[in-house]
Each structure stands twice: as structure tokens, then as C-alpha cells.
Amino acid sequence: MGILKQNLAKKIPDWRYNYRQLLDEKGDHVTSTVTIEKAFSGMRGVKGIICDTSSVTADAGLHVRGHHILDLIHIKPEEVLYLMLIDELPDKKSLKALQQDLQARSEVPDYVWDVLNSMPKDSHPMAMFNTAILCMQKESKFAKAYELVVSKSDYWESTLDDGLNIIAKLPAIAAAVYRLRFNKGERIESNNDLDWSGNFLHMMGFDQSKDMLKMMQLYLMLHCDHEGGNVSTFSSLTVNSALSDPYYSLSAGLNGLAGPLHGLANQNNLKFVLEVVEHFKGVPSDKELKEFVWDRLNSGRVIPGYGHAVLRCPDPRFTAFMGFGNKHIKDCDVFSVVTKLFNIVPDILKQHGKAKNPWPNVDAASGSLLYHYGLKEFEFYTVLFSMSRSLGIVSQMVLSRAMGLPLTRPKSLTFDALNKL
Ligand code: CMX
């Protein structure tokens with residue numbers, strides 16, 4: 001039995017007990033009220049779903065199992081996966097056991113390469129990545145367990161199996177999408193001596209420089225989770241609540257991550273930054289950059305990487321990326337423009353008067369680091385976000401099944417019904 005299953009099996013009985021006790025004692029407590037305005041605003045602020053892996057506060061941002069994200073920037077993606085699921089950071093032995101478990105599950109079925117090879121050469125990398133996950137659905141242990149009428153209380157085990165099987169394969173799939181889509185040559189065989197991020201860089205064909213590896217570990221850790229209501233996680237969990245297996249559920253949510261208001265903002269932000277550098281043939285003055293930003297806003301376009309549905313402060317994940325960039329990147333026009341944008345965009349958005357949060361989100365800096373280290377194909381960036389977000393989505397699916405949460409099914413109202421209220 002893998003380390004995660006072993007430790008979850010010890011924890012889940014207590015969690016279930018606490019959950020039942022909470023329902024018995026406080027089941028009728030009100031968490032929030034829903035007004036017509038909220039119904040028309042994408043349910044902003046409606047507290048109606050459960051997420052234990054992480055929470056986001058408006059003034060401090062992401063906490064993973066109670067740890068502020070800036071206190072976790074030294075850990076690897078595998079460690080944050082363990083933390084989200086087990087509610088503890090792994091010791092060295094547990095981390096090694098998890099890494100070995102992932103390596104043992106990492107072989108990708110050959111038919112995935114056939115599917116990817118047969119897609120149009122100009123497919124978006126996100127369409128390729130999500131198709132690769134979806135086409136492996138027939139491997140699902142959960143779907144087989146369901147057919148065999150496994151007890152509902154055991155659903156979490158096959159959900160975990162599927163989730164780990166997918167996560168283990170993501171580095172090889174993402175690297176293959178990169179090499180195929182951007183004509184980088186043949187796929188590179190996996191090197192199981194490397195960790196999840198290192199092996200990914202190796203299969204992409206990048207040098208294993210210490211800084212680049214650290215940057216990739218940071219990238220793949222920072223995007224892991226953002227509580228339960230963001231589009232990708234919420235979509236995955238909704239699909240999973242119908243007992244669709246993790247292959248169906250994860251690819252559904254990642255299709256949401258491919259939207260420009262969500263994860264695609266990282267590619268759009270870098271595209272915007274490159275447009276600035278190209279337009280001014282380098283780093284513009286503050287005055288020039290202000291005019292450029294206003295022109296974009298006045299033409300009805302958003303500033304990608306700024307604003308957020310929940311945050312009301314600079315995103316600490318942005319702060320983490322800027323900290324890394326300030327330490328490691330010197331004389332880079334792209335990073336200088338990102339820094340300048342941070343100095344001028346919030347004031348402009350405040351004057352513009354629409355965005356409730358004028359501050360940068362995670363997507364405002366991440367691309368400049370990737371670009372600096374030679375990963376210049378910005379259409380690929382959301383795939384990296386997806387690899388990381390899969391860790392949180394899988395964790396949340398496993399915990400939802402462990403708690404036996406039911407089908408997600410909020411009630412809708414017609415316009416007429418609202419008028420009659
Ligand atoms: N640039 C210009 N206008 C913006 C803006 C931005 N960065 N952020 C918000 N606004 C506008 C909205 O478009 C909206 O305008 P309308 O009333 O004309 O529709 C208005 O301000 C109010 O929006 P809001 O309540 O502040 O923001 P929402 O909760 O509706 O949306 C988000 C949040 C992130 C979609 C929005 O800020 C946005 O579009 N940002 C740019 C895209 C982006 O960076 N997305 C990535 C978010 C993080 C992630 O998921 O990866």
C-alpha cells in the first residue's frame with residue numbers, strides 16, 4: 001500500500017467522526033445569505049462548499065492546510081501534495097516513499113502518443129494536455145470499482161489510485177505536448193532518478209541548472225490549490241460529485257483553467273509584456289507604459305494578471321515569484337517591464353474604477369521567469385499551471401469521496417421567479 005493510502009486510512013475515521021459531529025451539532029448554522037445580486041454575480045462570497053486542503057483570505061491570500069503560502073516556498077510539489085492530503089508535511093522517508101510511488105505509476109500508455117500525434121499541429125497545448133488525460137479514462141480504477149459495487153465508504157481509495165496514476169504521468173505528458181507542439185524533436189525518455197519537477201525539465205529537454213530546477217519546483221508548488229470555488233477546482237469537483245472518475249473530472253476542470261479569465265491569463269500576461277517590449281524596443285518610461293496600459297483598457301480589454309475574485313491584496317504567489325526574480329534575474333527587459341507594471345497598473349486600475357482588486361495575481365509574474373529561463377513558448381504556460389493545479393484538484397476529490405459528499409446540485413431560479421420574490 002502506498003504511503004498516502006496508508007496514512008489517509010489512519011486519518012479518515014477521525015475526520016469522518018468530526019464531520020458527522022459538526023453536522024449533528026451545528027448543521028442548521030447559517031454560513032451566508034444569498035441575495036439576487038449574488039445570484040447574478042457568479043455566487044461571489046456565497047459560502048456553500050467545503051474545502052479542507054486550502055483557504056484564501058482577501059487580505060493575505062492562500063493558506064495550504066493552515067500554512068501561509070510564503071512559508072512553503074522552499075518545499076517541492078510532491079511535499080505540498082502530501083500536505084494537502086495528510087494535513088502534515090512529510091518527513092524525508094515519507095517524501096521518498098511518495099516519490100517512489102509516483103515513479104512506479106509514471107509509465108504512459110502508448111495509445112496516448114498516438115492520440116497526441118493525430119491532433120492538428122496547431123492545437124492549443126491545453127487541448128492536447130486535457131485530451132491526453134481524458135483518453136486514459138479506460139484505465140480508471142474508480143470506474144472499475146464502481147462497476148464491482150465497492151462500498152461507498154471505500155470510494156476514496158480508487159479515487160486516490162486514479163489521481164496518483166494521473167499525477168505521476170503528467171510530467172511525461174506535458175513534456176511530450178511541449179516537444180510535439182513546438183517541434184522540439186523526439187520524446188525524451190524519463191529519468192526516474194529525478195524528482196517530479198526535475199524529470200519534467202529533463203523530458204522537456206532543458207538543462208538541469210540549479211536555478212531553473214528551483215524555479216520549476218516553485219512554479220509547480222505555488223499553483224497547487226486555491227480553495228474550492230475557483231473555476232477549475234469547482235468544475236472538477238462538480239463532475240466528480242456525479243461519481244465520474246478522476247480522468248473525466250480532472251480534464252473537465254482543466255478545460256476551465258484554459259479560460260482567459262482563469263489560467264490562460266499567464267500566457268496572455270506574458271504576451272502583453274512582450275508586446276510592450278516589442279512596441280518600445282525595450283523597457284518604456286513610466287509615462288509611455290501608463291499610456292500603453294490606458295490604451296488597452298480603453299479598447300475594452302483586461303490587463304491580464306491583475307484583479308481577482310477573492311483577493312484584495314497583491315497575491316502572495318506573485319510576491320513569491322517576484323522574490324525569486326529579484327534574486328536571480330538581472331538585466332532582463334521582460335522582468336523589468338513586469339516590475340514596472342506592478343508599480344503603475346494598480347493605480348491605473350483604481351482610477352479606471354471597475355476592478356474591485358487592482359493588485360497583481362499569480363499570473364502577473366510567472367511567465368517572465370519561464371521566459372528568462374528559455375521557456376519562451378507562452379502558449380504552453382497554462383499546461384504548467386494545470387500540472388500544479390492537478391495536485392490540489394486530486395486531493396480535493398479524494399477528500400470529498402472520503403467524506404462521502406453528495407452530488408453537487410444547487411437550485412436555480414428563473415428571471416420570473418426572482419421578480420416574484
Ligand atoms: N483589467 C481590466 N478590467 C478588470 C480587471 C483587469 N485586470 N479585473 C477586473 N476588471 C473589470 C471586470 O472585467 C469587470 O468589468 P465589467 O463590470 O465591465 O464586467 C469589473 O472590473 C469588475 O470585476 P471584478 O468584480 O473586480 O472581478 P471579477 O471577480 O468579476 O473577475 C477576474 C476576476 C480575475 C476574472 C478579473 O479581475 C480579470 O478579468 N482579470 C484579468 C484576467 C486574469 O488575470 N485572470 C487570472 C486570475 C487568476 C487565475 O485564476 O489564474
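The values are calculated or read from the model by the stated rules, or taken from the named source; none is laboratory data. All values derive from a computational prediction rather than experimental measurement. Positions of Cβ are backbone-derived with ideal geometry, glycine not excepted, and every protein chain shown enters the neighbour counts. Quick note on the areas: whole protein, heavy atoms, side chains included, nothing else; ligands and nucleic acids left out. Shrake-Rupley method; radii C 1.70, N 1.55, O 1.52, S 1.80 Å.
Observations, loosely collected:
- Rough spin-label spacing in nm, given labels placed 7 Å along Cα→Cβ, for Phe182 and Ala417: 4.8
- Dipole of the range 85-176, positive end: most advanced residue of Asn165, Leu134, Ala104 [Cβ charges, Cα centre]: Ala104
- Cα shape, the range 173-232, gyration tensor, a/c 1.5 rule: oblate
- Amide H contacts of Tyr306 (H built 1.01 Å from N, in plane; Pro and chain starts excluded): Asn361 sit under 5 Å, all sequence-distant by 5 or more or on other chains.
- Heavy-atom accessible area per residue - the chain, 1.4 Å, Å²: 47
- Where trypsin sites (Lys or Arg not before Pro) fall in DSSP loop in the range 309-369, at most 15 other Cβ within 10 Å: Arg312, Lys330, Lys354, Lys356
- Under the criterion of Cα pairs below 8 Å and six or more residues apart, the relative contact order for the range 33-148 equals 12 percent.
- Computed from backbone phi, the HN-Hα couplings of the range 44-59 come to 3, x, 7, 8, x, 10, 10, 8, 9, 5, 7, 9, 10, 9, 4, 9 Hz, rounded to whole numbers (Karplus: 6.51 cos²θ - 1.76 cosθ + 1.60, θ = phi - 60°; Gly and Pro given as x).
- CD proxy at 222 nm, helix term only [per DSSP H run n ≥ 4: -39500 (n - 2.57); per residue of the chain; nearest 500]: -18500 deg cm²/dmol
- Here r is the Cβ-Cβ distance between Glu275 and Lys93 and R0 is 35 Å; the resulting FRET efficiency, rounded to 0.05, is 0.10.
- Across q = 0.11 Å⁻¹, the chain modelled as identical point scatterers on its alpha-carbon atoms has Debye log10 I(q)/I(0) values of -0.85, in the order of the q list.
- Stretching Thr33 away from Ala127 to a fully extended chain increases their span by 30.1 nm, per 0.36 nm per residue minus the current alpha-carbon distance.
- Sorted peptide list for 300-307, 19-26, 128-135, criterion being average Cβ within 10 angstrom, highest first: 128-135, 300-307, 19-26
- Karplus-based coupling profile of the range 137-151, in residue order and whole Hz: 3, 5, 7, 4, 6, 5, 4, 5, 4, 4, 4, 7, 6, 5, 4, with θ = phi - 60° in 6.51 cos²θ - 1.76 cosθ + 1.60 and x standing for Gly or Pro.
- Screening the chain for DSSP H helices whose Cα atoms reach 24 Å or more along their own axis and whose mean Kyte hydropathy is at least 0.0 gives 155-181, 333-352, 381-402.
- Carbon-plus-sulfur accessible fraction, the chain (probe radius 1.4 Å, protein heavy atoms only): 53%.
- Of Val398, Val383, Val150, the residue with the greatest mean-square motion in the GNM of the chain, using alpha carbon springs below 10 Å, is Val150.
- Distant-in-sequence amide H partners of Ser54 (H built 1.01 Å from N, under 5 Å): Arg65, Glu227
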